[in-house]
Structures are given as C-alpha cells and as structure tokens.
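Here the structure comes first, spelled out in structure tokens, and everything after it is commentary.
The values are calculated or read from the model by the stated rules, or taken from the named source; none is laboratory data. Quick caveat: nothing in here was measured; it's all calculated off a predicted structure. Glycine gets a Cβ as well: all are built from the backbone with ideal geometry, and neighbour counts include every protein chain shown. Remember, those area values only see protein heavy atoms, side chains included, never the ligands or the DNA or RNA. Shrake-Rupley method; radii C 1.70, N 1.55, O 1.52, S 1.80 Å.
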Amino acid sequence: MSKVKTLGQFIIEKQSDFPFSKGELSRLLRDIGIASKIVNREVNKAGLADILGDAGEINIQGENVKKLDVFANEQFIAALSLGGECCAIASEENEDIIIVNNEMSKNAKYVVAMDPLDGSSNIDVNVSVGTIFSIYRRTSLSGPGTNEDFYQRGTEQVAAGYVIYGSSCMLVYTTGKGVNGFTLDPSIGEFCLSHPNMQTPKSAVTYSINEGNYVHFPLGVKKYIKYCQEEDDDTSRPYSSRYIGSGVADIHRNLIKGGIYIYPITSKSPKGKLRLLYECNPLAFIIEQAGGKACDGFNRIMELDMKELHQRTPLFIGSYDMVETASSFMAKYSSQDELIMTNPIA
Ligand code: P6P
C-alpha cells in the first residue's frame, strides 16, 4: 500500500472535522485543486506557448494584464462554477463579484475570494507566482450571492490557502485545524501530502520588504529596518534581506524557514498595496494556524472590518516574535493615522 496520501484522500479523511458537513467544503477544495493543476501546466509552459506577454488589457487595478492572469482567473471561475459548491466569487481580476447562478450553485453554502495569479509581473522572468484563496460561508440566506457575503472579518473564514507555482507546485491550506502542504507529483497528476502540520519558527533572521520605497515608509518601519541591519550577535543580527517581489513566494519561504514580510503604506499605496479580502486575510489565517502572526502594524489582520471588495491594508506577517518586534517599533515611532510621507531620515 503506497505511503503517499493525496489531497483528495486527506480531504476526505479530515471531513470528520466538520461533523455537520455533507462534503460541500471537501468538494470545494477538490475543485480548487483541479484548477491549480491546470494553471500549473500553463505556468510551466508559459515560456514556450504564446501565452506570454500582455493580454493588451488593463485590469481593474490599472495593471497590464498578462495572458496567464486571464487564463488562471478563467480556470478557477470555471472549476468553482462547475463544482456547484459556491454561489459567488470575488476575484482580484474582476471589479464586481461573479454570481454563480447555475441550478446547482445558486443555493450553495459558500463564497470564494481569490487572487488567481499573484505576482504575475514575474511570469516573464520565470519567478515563482501563486494563487491565493479564501472560503466563507455565505451570510445571505439563499438565491444569488451578494457583496455582503464577502464583507466578513477574516476570523469568519472556513478555509484558506495558496498555490505556489515554483520549482515544484505546492498547495498549502488550512481549515482552522492546522496547516498542511501538498506537492504536485506530475507523474501521477496528484497533490501529495509533503508538509504535514506546518509550523513557522517563532523567530528567524530574514526580513522581506521593498526597500526601494524606504523614504516613503512610516518612521516605525524605517526604524525596524535599521534594527534588522544592526550588528548584534545575541539576536543574530544583521538579518538577511530576501524579497522576491512575489508575495506568495516570499511568504511561503518565510513560513517554512521563518521570517517577516512587510508591505506598509507608501506614497504610491497610501492604504497599503495588498488586498484584505483575497490576499491578507487568507495568508493571515494560514500563518496564525502555523503559529505566526499577521497585523497591519497595529491591529490583527483577521479582525479588520471589510468595507469594500478590493480594500487595501498594510501587512506585517510571519514569525510571531518578529511581527511583535516590528509592531513595537510602529507603536513607538508611528501612529495609526500616520501621515503618508514621513521626513526622510539620513
Ligand atoms: P512591489 C505582487 O504584485 C504583490 O501583490 C505581492 O505579491 C508582492 O509581494 C508585491 O505586490 C510586490 O510589490 O511594489 O514591491 O513590486
């Protein structure tokens, strides 16, 4: 009997964690797994097919849309629509929610928020990219899903995960009972359990931030960066700076090895760059389940109120002690109503 445990087997095995579930969530996770394998196949041949380059469109974020963005979005929407377990989808690529109104789905229990291809600007240079997803129970009683179904705090998530399309394709997810990682075995076309019960180190020596924005950071962030760069043997400083520019890749590395990822407010992104609904909340759910911490510099990410679909927030996420230390610098040198431009320090 093979020791390999596939994602499908694992999901069914863990279904008993949800005594009242009739398997809908299991089928939803299966649908996401299927779409991930299709996207991974295209990501792997992006350099060959004429799928590279801009699709000539500009998405609602005002960014050039790469064809793979469009493809990934379409694949996840199709898989979730056909699976019949979700009644509405919110996607980074779509300004409005997508109502799944086929016969099976219109009374489905769940809604799904997703960033179908995060870090897509890295596609053309062969850097890892990722998909991020978040699953909520709908709050509307029946019929077509509504925006209000997505205006829930991150603490209400029933599941969250990401897929990283890198040297191998991994799917990492949580349903609130720990974090498990599955690596795609192309020879059998299955995600296989490779990282059971993932825990992130309580502290570490890696910090991830785009220091090109330094002059526009809040003073607390500037001071924390200088803290990371100081010589101090007792705390293994200076830390190493690692920033790929693909959030899923940076956060996945820090999840496994420990570290902190920070995307604070900047002049270009006065509310932060990352999106609360389909980037920060799912990543925060995962990191907390792995023993880490995620905040906006002051407040727990998963307790932030959702007011609009594509709402942005600053993000400090990773090893518990490192996020605590960074937050202490924010408390000491910055304030929640921080003006965007702080006086550049020498
Ligand atoms: P910058 C990708 O666009 C993304 O949302 C994250 O995945 C990534 O960490 C960040 O933005 C990169 O942004 O401004 O440093 O290029």
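Here's how it looks for residue 88: its modeled amide H is under 5 Å from those of 100, 112, which are all 5 or more places away or on a different chain.
Apolar share of the accessible surface for the chain: 51 percent from carbon plus sulfur atoms, 1.4 Å probe. Legend: residue pairs 45/273; 109/273; 106/177; 37/257; 37/307; 268/307, Cα-Cα distance threshold 23 Å; pairs beyond threshold, 45/273; 109/273; 106/177; 37/257; 37/307. Amide H contacts of residue 118 (H built 1.01 Å from N, in plane; Pro and chain starts excluded): 130, 131, 132 sit under 5 Å, all sequence-distant by 5 or more or on other chains. Averaging the sequence gap over all C-alpha pairs within less than 8 Å and six or more residues apart, then dividing by the number of residues, gives the chain a relative contact order of 15 percent. Per-residue 3J(HN,Hα) values for segment 97-105, derived from phi via the Karplus relation 6.51 cos²θ - 1.76 cosθ + 1.60 with θ = phi - 60°, read 5, 9, 7, 9, 10, 6, 3, 5, 8 Hz in sequence order (x marks Gly and Pro).
Once you order the gyration tensor axes a ≥ b ≥ c over the Cα atoms, which shape class does segment 7-195 get: rounded for a/c under 1.5, otherwise prolate or oblate by comparing a/b with b/c? Because a/c hits 1.5 or more and a/b fails to exceed b/c, segment 7-195 counts as oblate. Considering only 132, 286, 188, the mean-square fluctuation computed in a Gaussian network model of the chain, springs between alpha carbons under 10 angstrom, is largest for 188.
For the chain, the per residue solvent-accessible surface stands at 44 Å², with DNA, RNA and ligands left out and a 1.4 Å probe.
Residues whose amide H lies under 5 Å from that of residue 312, counting only those 5 or more places away or on a different chain, are 276; hydrogens are built 1.01 Å from N in the peptide plane.
When Rg and the Kirkwood Rh are both derived from Cα coordinates, the Rg/Rh ratio for segment 80-153 amounts to 1.06. Stokes-Einstein diffusion of segment 206-333 at 4 °C, 1.567 mPa s viscosity, Kirkwood radius from Cα pairs, rounded to a whole number: 89 µm²/s. Per-residue 3J(HN,Hα) values for segment 115-130, derived from phi via the Karplus relation 6.51 cos²θ - 1.76 cosθ + 1.60 with θ = phi - 60°, read 10, x, 8, 7, x, 4, 5, 8, 4, 5, 10, 6, 9, 3, 10, x Hz in sequence order (x marks Gly and Pro). Contact order, relative form, for segment 211-312: 21 percent (alpha carbon pairs under 8 Å, 6 or more residues apart, mean separation divided by residue count).
With N counted as the residues of segment 175-271, its alpha-carbon radius of gyration over 2.2 N^0.38 Å works out to 1.34. Size check on the chain: the Cα extents along the three principal axes, sorted descending, read 61, 46, 46 Å.
In terms of its C-alpha gyration tensor, segment 263-330 has an oblate overall shape, because the principal axis ratio a/c (a ≥ b ≥ c, square roots of the eigenvalues) is not below 1.5 and a/b does not outweigh b/c.
What the phi angles of segment 142-153 give under the Karplus curve with 6.51, -1.76 and 1.60, with θ = phi - 60°, is a coupling list of 6, x, x, x, 10, 4, 4, 4, 9, 8, 10, 5 Hz, glycine and proline written as x.
Over the chain, DSSP H runs of length four or greater, each weighted -39,500 (n - 2.57), average out per residue to a 222 nm ellipticity of -8500 deg cm²/dmol. Give me the one-decimal nm value for the distance between modelled label points at residue 139 and residue 107, 7 Å along each residue's Cα-to-Cβ direction. For residue 139 paired with residue 107, the spin-label model returns 2.3 nm.
Sequence-distant contacts, meaning Cα pairs under 8 Å at least 6 residues apart, place the relative contact order of segment 84-223 at 15 percent. Name the residue, out of 84, 292, 189, whose mean-square fluctuation peaks in a Gaussian network model built on the chain with Cα pairs under 10 Å. Checking each option, the largest mean-square fluctuation is seen for 189.
Screening the chain for DSSP H helices whose Cα atoms reach 18 Å or more along their own axis and whose mean Kyte hydropathy is at least -1.0 gives 24-44, 67-83, 320-333.
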